[in-house]
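Student: Following this message is one structure expressed as structure tokens.
The values are calculated or read from the model by the stated rules, or taken from the named source; none is laboratory data. Please read these numbers as outputs of a predicted model, since none were measured by experiment. All Cβ positions, even for glycine, are placed from backbone atoms using ideal geometry, and neighbour counts span all protein chains on display. Quick note on the areas: whole protein, heavy atoms, side chains included, nothing else; ligands and nucleic acids left out. Shrake-Rupley method; radii C 1.70, N 1.55, O 1.52, S 1.80 Å.
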Amino acid sequence: MKDLPNVDGELFRVPDNDAVFAASPSSHPPRILLLYGSLRERSFSRLATEEAARLLRAMGAETRIFNPAGLPLPDAAPVDHPKVAELRALAAWSEGMVWCSPERHGAMTGIMKAQIDWIPLSLGGVRPTQGKTLAVMQVCGGSQSFNAVNQLRVLGRWMRMVTIPNQSSMAKAYLEFDDNDRMKPSPFYDRIVDVMEELVKFTLLVRDRSDYLVDRYSERKESAEEVARRVNQRAH
């Protein structure tokens, strides 16, 4: 460590292959929370989300879909509001998520952003999203765009999630569903199959070792300094 005078040698860790794979694989189904970003009666983001949930269940996952109807705007209600409490409990339950938003005015919807804003970066010392997997999707009213999924990726990084490489953007979504609100066969449908398959694989890979994967030198250092301050306070 002589070449790294700014590094605390006691807190520095060399990433270790054995440590990455030390945890025994969990046997329960992957737990996936799905969020969508529209309150319309026939919401194509909801219909796409429901298709994604069917695929996830066929792949062995357990799914929960959060209905954003009745969720207040961020900071417009206390955190014990029933819809806020429901969303936060689902976020804590999940091991991975799917976020699906319509694109409105070149961006994700406010409904989508409000749900993510209600999920805190930390809650009682626990980060409810850190190290969990994420798949992003969007539905478009016109030609294919990637504005919403790009923004969702930024939010996923900010929430310290492992956002998978693949994604789905459905053009002219109103043409992709039949009269029974089921998605028609198409390359857009095949892409959702791809995305859900990748999400399950990444969730199986990450879920038992996310604590190790997101363990950070800076946070170990900060925690050590907090302990030192507490000890010093008790000494006076």
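Student: So, counting K/R as plus one and D/E as minus one, what does the shell of residues with Cβ under 12 Å around Ala92 add up to?
Tutor: Values: positive: Arg31, Arg64, Arg88, Arg127, Lys132; negative: Glu86, Glu95.
Combined, the nearby Lys, Arg, Asp and Glu give +3.
Student: Over the heavy atoms of Ser24, what accessible area does a 1.4 Å probe trace out, to the nearest 10 Å²?
Tutor: 90
Student: For Lys83, give me every one of the aspartates and glutamates with a C-alpha distance below 16 angstrom, ignoring sequence neighbours fewer than eight places off in its own chain.
Tutor: Within reach: Asp75, Asp117.
Student: Using Cα pairs under 8 angstrom and six or more residues apart, how large is the relative contact order of segment 78-216, in percent? Can you show the working numbers first?
Tutor: On the way: 197 pairs, mean separation 34.2, N = 139.
Normalised by residue count, the contact order of segment 78-216 is 25 percent.
Student: With charges set only on the Cβ (+1 for Lys and Arg, -1 for Asp and Glu), what does the dipole of segment 24-146 come to about its Cα centre, in debye to the nearest 20? Don't skip to the end; give the middle numbers.
Tutor: Details: 13 positive and 10 negative charges, 27 e Å.
So the magnitude is around 120 debye.
Student: What helices does the chain hold that run 24 Å or longer along their axis, going by alpha-carbon atoms, with a Kyte-Doolittle average of -0.5 or more, using DSSP H for the helix calls?
Tutor: Within the chain the helices that satisfy the rule are 187-206.
Student: If you take every DSSP beta bridge whose two residues both sit in segment 1-151, what share of them, in percent to the nearest 5, is antiparallel?
Tutor: Values: 2 of 19 bridges.
Roughly 10 percent of the DSSP beta bridges within segment 1-151 come out antiparallel.
Student: Rounded, prolate or oblate: pick one for segment 31-142, where a ≥ b ≥ c are the square roots of the eigenvalues of its C-alpha gyration tensor, a/c under 1.5 means rounded, and failing that, prolate if a/b is larger than b/c, else oblate.
Tutor: oblate
Student: Would you mind giving the three semi-axes, in whole Å and largest first, of the ellipsoid equivalent to segment 1-63 according to its Cα gyration tensor?
Tutor: Equivalent ellipsoid semi-axes, largest first: 44, 20, 7 Å.
Student: With the Cα gyration tensor of segment 37-87 giving a ≥ b ≥ c as the square roots of its eigenvalues, does the rule (a/c under 1.5 for rounded; else a/b larger than b/c for prolate; else oblate) give rounded, prolate or oblate?
Tutor: oblate
Student: Same structure, new question: Which of these, Ala48, Ala114, Ala77, has the largest mean-square fluctuation under a Gaussian network model of the chain (Cα springs below 10 Å)?
Tutor: Among Ala48, Ala114, Ala77, the largest mean-square fluctuation in the Gaussian network model of the chain belongs to Ala77.
Student: For the chain, build the charge dipole from Cβ charges (+1 Lys, Arg; -1 Asp, Glu) around the Cα centre, then report which of Pro82, Trp99, Ala61 sits farthest towards its positive end.
Tutor: My answer, from the dipole projection, is Pro82.
Student: Let me ask you something else. Determine the gain in length on full extension of the stretch Ser27-Ala77; use 0.36 nm per residue of separation and subtract their C-alpha separation, reporting nm with one decimal.
Tutor: Full-extension gain reported as 14.2 nm.
Student: Given the C-alpha atoms of the chain, compute the convex hull and give its volume per residue in Å³.
Tutor: 178
Student: Further, regarding this structure: Would you mind computing, in nm to one decimal, how far apart the modelled labels at Ser218 and Asp117 are, each placed 7 Å from Cα along Cα→Cβ?
Tutor: Roughly 2.5 nm, to one decimal.
Student: Then there's this: Can you give the calculated 222 nm mean residue ellipticity of the chain, where each DSSP H run of n ≥ 4 adds -39,500 (n - 2.57) and the sum is split over every residue, rounded to the nearest 500 deg cm²/dmol?
Tutor: -12500 deg cm²/dmol
Student: Here is a follow-up. So if I take the centroid of the Cα atoms in segment 1-30 and the same for segment 31-73, what is the distance between those two points in Å?
Tutor: 35
Student: If the cut-off is a Cα-Cα distance under 25 Å, which lysines reach Lys221, setting aside same-chain residues fewer than 8 apart in sequence?
Tutor: Straight-line reach from Lys221, under 25 Å: Lys2, Lys132.
Student: Please give, to one decimal in nm, the separation of the simple spin-label points placed at Glu198 and Glu10, each 7 Å out from Cα toward the Cβ.
Tutor: So the label points at Glu198 and Glu10 sit 4.4 nm apart.
Student: If you don't mind, there's one more thing I want to ask. Which order do peptides 150-161, 35-46, 97-108 fall in by mean Cβ count within 10 Å, highest first?
Tutor: Result, highest mean Cβ count within 10 Å first: 97-108, 35-46, 150-161.
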